[in-house]
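Everything below concerns the one structure shown next.
What follows draws every value from the coordinates through simple rules; no lab data is involved. None of these values were measured; they are calculated from a predicted model. Using ideal geometry, Cβ is built from the backbone for each residue, glycine included, and neighbour counts are taken over all protein chains shown.
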Amino acid sequence: MNLQLIELYVFVLAGFVGFFVITRVPALLHTPLMSATNAISAISLVGSLVLAGADRGRVATVLGFVAVTCATINVVGGFIITDRMLKMFRRGDRKPERAR
Amino acid sequence: MNPAELAEHATGPREVFIEAAYLVSSILFILGLKSLTVPDKARRGMQLAALGMLVAIVGTLVNHQIVTYGWIIAGLALGSAIGWPLGVFVPMTAMPQRIAISHMFGAVAATLVGVAEFWHLGNGAAVGRAQMAALGFEVLFGALTITGSLMAFGKLQALLPSRPVTFRGQNVVSILMFGAGLGLFAWLLVDPANPAAFYAMVGLGLLFGVSLVLPIGGADMPVVISLLNSYAGLASSATGFAIGNNVLIIAGALDGASGFILSLVMSRAMNRSFANVLFGAFGTPPPPSERTASGLTVRSITPEDAAIQLAFARLVIVVPGYGMAVAQAQHQVKELAQLVEKNGGTVLYAIHPVAGRMPGHMNVLLAEADIPYDRLKEMEEINGEFKNADVALVIGANDVVNPAARTDKASPIYGMPILDVDQARQVIVLKRSMNPGFAGIENELFYAENTAMLFGDAKASLSRLVQEIKQA
């Protein structure tokens, strides 16, 4: 089968998985959800890494460097802040994991 | 597929390792998101997702196309140096703008990868149609998300006016720009070897992002942030198509779906369509409602009297709004709640889906103040409880408690589901002054018989209440 068609399959199926999983996320966690998906979609780091390291000329390398930087900001900052938020949510009958 | 592409997709042991790594990280991402359906498991799940990201990065670094690591290490180091403080030090009250700016970073990465790919392939000369389609979506979504998020950030950070910024014929200009962008895209699909059209399309995308978000007011920010979240995801996904990488496609699709669902939830909670939020956005002043406040009087209450009512209440329902976030009063809310609970009362929190400036904004702030999440109730869950409440304490919320949404067809918020605070025995509204909100919508709740207004800064008022209850 054509490669692009396989990619389309993957996209549509992943979209469905996303739809069914995420509709079940309670409104309580919508902010962490947003920062989590933002961190996850910083997976474009993967493409940026190849661009920065493939030695395709100065322009591509510089663009790649900026892209790696931006994507890394989201990976590092995104997962940390999501964790920080999720750490705060506790039930009434439990002690917080760590005093803030 | 040309020979070079075939070579890229050859399956040696290294390629198998890379693909296996991507498969593992895709699974961990999905498990991580699934964990968010259960608050107690969410934290562990997201740590798994972070591990998935690490796996994907390690897998990528052994890619045979990567020949030098200098710039990679520099980018990873600089990104970490900026990202770490953005993760650790940004206060919860700044979360909406923090999220908005992170959408921009994601979109910049995706867009630059797209531009570089186009440039690398002979400025379009070696780009096939299918790849051009992917690149086009990538840079269009990417570019409009970059500037759109920047505008949203500016508004939320109060660098730009949060009221709608409009001029005559704005929608026409926006639509023309959007149309021109699509036209260039179509042209590129026919003839990809057209660098001028490509870069003009990127430029139009950037301009369109500005004109899309500038006319949108602060109260509509939850929808805009969700939409930009979705676009950033779709740009990542399109990047995956453009460079033939499945984990990008999957992660981007998850983000795209999430942002889309959140935008739907937010629009529904305002009883408005996407189109109405994006293009109707209170830009033209709504026809004045026949109902006015003239002849009605507001009853204000002293902190002493309000404190007595709260001290003896069996059930208090707190309704937080953007005003609470602005005043950063969540810790005072917690203190007050503790006193009510010490006196034997129960305190619940009614969270409207669009309270605040982003989805879930109020929940995060209240959780930060160490309020247990099982006290935070969604609208459908809590609306039946207001009739049992002795006091409904409205803190800096306005539209989400405005009865005009039920009764006044001329009101711009007519039809929006609201919290039924007016059914509580006593409503106490904490408000800065009687100025109507930016949309200029009168709120009849403030004039109702069972409503009392406690004017002043929310934080100061709550501190006063806490003192008074302690003395009572």
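Key figures
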quantity	calculated
Residue list for the stretch B:376-390, restricted to those being under 21 Å from residue B:332 (Cα atoms) and at the interface with another protein chain (Cβ under 9 Å from one of its Cβ atoms)	B:376
Members of the stretch A:42-70 found to be more than 7 Å from chain B (Cβ to nearest Cβ) and hydrophobic (A, V, I, L, M, F, W, C), listed by number	A:62
Hits in the stretch A:66-88 (condition: within 16 Å of residue B:114 (Cα to Cα) and buried (at least 24 other Cβ atoms within 10 Å of the Cβ))	A:67, A:68, A:69, A:70, A:71
Residue that is surrounded by the most Cβ atoms within 10 Å (Cβ to Cβ) [pool: residues in the stretch B:254-274 that are over 18 Å from residue B:37 (Cβ atoms) and among the aliphatic types (A, V, I, L, M)]	B:266
In the stretch B:353-370, the residues that are at the interface with another protein chain (Cβ under 7 Å from one of its Cβ atoms) and either of a type in the set (Phe, Trp, Tyr) or in a loop (DSSP other than H, G, I, E, B) (or both)	B:353, B:358, B:359, B:360, B:370
Restricting the stretch B:20-66 to residues that are within 21 Å of the chain's Cα centre (by Cα) and hydroxyl-bearing (Ser, Thr, Tyr), the residue that is surrounded by the fewest Cβ atoms within 10 Å (Cβ to Cβ)	B:37
Search result, residues across the stretch B:200-230 that are surrounded by 17 or more Cβ atoms within 10 Å (Cβ to Cβ) and out of contact with any helix residue (DSSP H, G or I) (no Cβ under 7 Å at 6 or more places or on another chain)	B:217
Set B:108, B:88: member being surrounded by 24 or more Cβ atoms within 10 Å (Cβ to Cβ) and under 20 Å from the mean Cα position of the chain (by Cα)	B:108
Search result, residues across the stretch B:324-335 that are in a helix (DSSP H, G or I) and crowded, with 23+ Cβ neighbours inside 10 Å	B:324, B:325, B:330, B:333
Breaking point among (1) within 7 Å of chain B (Cβ to nearest Cβ); (2) small (Gly, Ala, Ser); (3) part of a helix (DSSP H, G or I), for residue A:39	(1)
Residues satisfying the stated conditions in the stretch B:105-122, i.e. more than 8 Å from chain A (Cβ to nearest Cβ) and either under 30 Å from residue B:325 (Cβ atoms) or touching an Asp or Glu at 6+ places or on another chain (Cβ under 8 Å) (or both)	B:107, B:111, B:114
Single match in B:447, B:414, B:373 (criterion: of a type in the set (Phe, Trp, Tyr) and within 14 Å of chain A (Cβ to nearest Cβ))	B:373
Tally, over the stretch B:73-92, of residues that are more than 7 Å from chain A (Cβ to nearest Cβ) and in contact with a helix residue (DSSP H, G or I) (Cβ under 7 Å, 6 or more places away or on another chain)	1
